[in-house]
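Here the structure is laid out as structure tokens; the discussion comes afterwards.
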Amino acid sequence: ENLVWFKGKEKKIQAGKYTFEKPDSLPKVLNIILAGPVAETKKIAFKEGLNLAQMGELFEKEGFFSKSEWLEAVKNPNREGYLFPDTYFFEKDIWPAQAAEKMIENLNSKITEEMKKDTETSKQSFFEILTMASLIEKEAFDSLEERRIISGILWKRLESNIPLQVDAGLTYVTGKPSSKLTEDDLKINSSYNTYKYP
């Protein structure tokens with residue numbers, strides 16, 4: 001304290017968290033707290049196709065915050081589909097809403113001018129296109145060609161008022177893989193059930 005006062009630096013100290021690896025001299029400690037805290041970051045990688053709950057489980061496993069805190073932050077408004085799957089370096093004490101915002105910013109940075117023009121001339125909104133992309137992501141694993149075929153089929157079904165009848169919505173609701181869905185699952189009363197609702 002006396003050293004800070006003696007050097008006339010008491011108003012320049014930066015608030016924040018600091019980590020000191022070993023005992024240091026007073027001048028060195030003073031220089032560190034005058035420079036300001038360096039945020040400690042941690043790497044976290046999200047694979048394509050993870051839903052909000054699975055992302056929350058990964059955040060919790062990696063020691064950021066709990067799954068329930070995450071879901072509370074991203075369910076209202078619902079951020080499903082807007083959180084870009086990627087590798088991130090987040091500050092260890094980041095809040096769930098901040099993490100979600102960075103993931104949305106990343107999605108926005110991936111949208112090219114050509115994509116924006118295509119969306120503007122399309123019959124579908126950006127939200128509808130993103131939702132369809134999420135369904136295709138879950139329905140087609142093998143190749144870009146398979147995704148194109150499924151995409152064409154699903155858009156034609158929508159235009160013809162035919163139910164999409166894809167398992168992706170039900171796997172999201174039930175947590176089961178497609179191979180484990182039952183006849184009863186196909187009757188679930190959920191807006192994600194594309195066998196029941198358009």
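The values are calculated or read from the model by the stated rules, or taken from the named source; none is laboratory data. What you are looking at is a predicted structure, and each value in this text was computed from that prediction instead of being measured. Every residue, glycine as well, gets a Cβ built from its backbone with ideal geometry; the counts of neighbours run over all protein chains shown. Calculation scope for accessible area: heavy atoms of the full protein, side chains included, ligands and nucleic acids excluded. Shrake-Rupley method; radii C 1.70, N 1.55, O 1.52, S 1.80 Å.
Data for the structure
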quantity: Flagged links, alpha-carbon separation over 27 Å, of Lys43/Lys116; Lys61/Lys187; Lys102/Lys138; Lys110/Lys180; calculated: Lys43/Lys116; Lys61/Lys187; Lys110/Lys180
quantity: Within the accessible area of the stretch 96-198 (1.4 Å probe), percent carbon and sulfur; calculated: 54 percent
quantity: Asp142/Thr119 FRET efficiency (R0 22 Å; Cβ-Cβ; nearest 0.05); calculated: 0.25
quantity: Additional length obtainable on full extension of the chain from Lys28 to Ile129, 0.36 nm per residue less Cα span; calculated: 30.9 nm
quantity: Calculated FRET value between Asn76 and Lys110, using beta carbons and R₀ = 35 Å, to 0.05; calculated: 0.90
quantity: Derived scalar couplings ³J(HN,Hα) [the stretch 180-190; Karplus, 6.51 cos²θ - 1.76 cosθ + 1.60; whole Hz; x for Gly, Pro]; calculated: 9, 5, 10, 4, 5, 4, 5, 9, 4, 8, 9
quantity: Relative contact order (percent, whole number), the stretch 70-192, Cα cutoff 8 Å, 6+ residue spacing; calculated: 16 percent
quantity: Interchain or long-range residues, amide H under 5 Å from Phe90's placed H; calculated: Lys42, Ile44
quantity: J(HN,Hα) series, the stretch 193-198, from Karplus relation 6.51 cos²θ - 1.76 cosθ + 1.60, nearest Hz, glycine and proline x; calculated: 7, 7, 7, 9, 10, x
quantity: Rounded to whole Hz, the Karplus (6.51, -1.76, 1.60) HN-Hα couplings of the stretch 65-77, x for glycine and proline; calculated: 7, 7, 4, 5, 5, 4, 5, 4, 7, 10, 8, 9, x
quantity: Separation of the Leu158 and Ala53 label points, Cα + 7 Å toward Cβ, nm; calculated: 2.5 nm
